[in-house]
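Presented below is the structure to which this report refers.
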Amino acid sequence: MNRLLFIGFCLVVAFAIGVGLWVVGGPEYARMVDQDRQRVFDLDVLADQIACVGQPKRVLPDNLEELEPCFGRPDANRNDPVTNMPFRYTVLGPDAFELCAELAIDPKAARRTLPYKNDLILRSGNTVCLVRRKAVAD
Amino acid sequence: MANRDELSLFVRDALVAGKSRPDITGALIEAGWSESEIREALGAWAETPFTPPVPRPVQTVSARDFFIYALTFGVLLIGAINLVIVLQVLVDMLFEDDSYVAIERIRFGVSVLIVTAPLYLWLTLRERRKLAHDPALYRSAIRKWLTYIALLLAAATLLGDLIATIYALLTGDFTLQFMAKAVIVSLVAGGIFLFYANAMRQGEPE
């Protein structure tokens with residue numbers, strides 16, 4: 001009886017470890033997940049700086065080099081934290097813009113570990129984007 | 001007032017003097033000792049005509065036992081909690097849109113299991129071999145106490161699991177996901193309870 005219980009427990013623990021490792025992936029995968037999370041966090045902070053709520057008279061910059069600090073908000077990182085390439089910024093209209101980043105992991109697989117996953121728009125390849133509207137003065 | 005050491009000494013002297021057990025019992029009752037105290041004091045000596053009286057084996061306490069059994073049960077407790085966490089989060093991931101927090105919990109739980117499971121396995125198998133080799137180790141009071149504490153915790157977990165299940169049933173929260181998680185808790189706690197209940201029975205004197 002106890003021998004069976006003991007073997008059963010060993011099998012359950014082996015199953016938990018095996019499936020757990022399969023779900024979370026290896027160290028390299030974990031590093032890429034963290035890098036992608038950082039990219040999406042950076043995109044969000046940068047989008048907040050561009051939208052700069054509370055300054056409706058401010059116009060959208062044509063490119064990220066022209067982006068000015070927004071009072072009360074931290075100066076955002078404009079480049080990818082790993083590759084150091086600038087995030088892709090596109091002006092969609094007088095009050096709308098899009099910010100995109102290239103992820104290391106396929107976004108469809110990585111969505112479960114990404115912040116703001118409901119706001120992210122999947123583009124081709126590993127690209128994800130945030131679209132924001134800016135409040136403008138009448 | 002005499003203490004238990006003096007009672008034990010008296011019983012020994014009376015047996016050496018050739019007094020019968022009923023006579024010793026009668027004398028002690030007259031002196032005010034309770035029946036359970038007398039039974040315990042007489043039970044410490046084997047019922048044999050051999051003189052001097054032969055002592056029965058007594059429970060032992062040693063620092064080595066404390067180290068081994070406290071480590072074994074500590075590892076078991078931490079490992080069992082994390083086994084339940086990993087399995088429950090895996091169940092959650094089957095039913096819900098999983099999150100970064102769930103992944104982190106699995107990662108930590110698996111790390112704990114990778115350390116605790118082999119250590120528990122090694123400690124338990126090593127102790128089983130020692131017990132088989134020297135059955136006197138079954139008389140370790142620390143082993144008995146810590147085993148009963150493990151049984152108590154397992155029983156309390158099973159009862160808590162049952163209460164939570166009934167409560168979920170009454171509040172309408174009893175879903176397939178909840179049931180799977182409750183079954184995991186009951187299997188782990190029930191398995192530990194059965195394992196140590198059987199181990200205690202094996203160690204009891206015939």
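The values are calculated or read from the model by the stated rules, or taken from the named source; none is laboratory data. Nothing here was measured: the structure is a model prediction, and the numbers come from that model. Cβ sites come from the backbone with ideal geometry, for glycine too, and all protein chains shown count toward neighbours. Only protein heavy atoms, including side chains, enter the accessible area calculation; ligands, DNA and RNA are left aside. Shrake-Rupley method; radii C 1.70, N 1.55, O 1.52, S 1.80 Å.
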**Count of residues meeting criterion [loosely packed, with under 14 Cβ neighbours inside 10 Å and part of a helix (DSSP H, G or I)] in segment B:75-107** = 3
**Asked** Does segment B:170-192 include one or more residues that are farther than 30 Å from B:Met93 by Cα and either not basic (Lys, Arg) or not assigned by TED's automatic domain parsing to the domain that holds B:Asn82 (or both)?
**Response** no
**Message:** Restricting to segment A:1-25, give me the number of residues that are open to solvent by less than 50 Å² (accessible area, probe 1.4 Å) and more than 8 Å from chain B (Cβ to nearest Cβ).
**Reply:** 2
**Pairs, first under 12 Å from B:Val16 (Cβ atoms) in segment B:43-63, second among the β-branched types (Val, Ile, Thr), C-beta under 7 Å, six or more apart** = B:Trp45/B:Val11; B:Trp45/B:Val54; B:Thr51/B:Val16; B:Pro52/B:Val16; B:Pro53/B:Val16; B:Val54/B:Thr48
**Request:** Answer yes if at least one residue in segment A:26-35 is open to solvent by 20 Å² or more (accessible area, probe 1.4 Å) and part of a strand (DSSP E or B), and no otherwise.
**Result:** no
**Fill in**
Exactly one of B:Ala197, B:Ala156 is in a helix (DSSP H, G or I), modelled with pLDDT of 90 or more and either touching a Pro at 6+ places or on another chain (Cβ under 8 Å) or surrounded by 14 or more Cβ atoms within 10 Å (Cβ to Cβ) (or both), and that residue is B:Ala197
**Prompt:** Of all the strands (runs of 3 or more DSSP E) wholly in segment A:41-138, which have at least 3 residues that are open to solvent by 50 Å² or more (accessible area, probe 1.4 Å)?
**Reply:** A:88-93, A:127-133
**Prompt:** Of the conditions (1) touching a Ser or Thr at 6+ places or on another chain (Cβ under 8 Å); (2) within 12 Å of chain A (Cβ to nearest Cβ); (3) of a type in the set (Phe, Trp, Tyr), B:Phe174 fails just one. Which one is it?
**Reply:** (2)
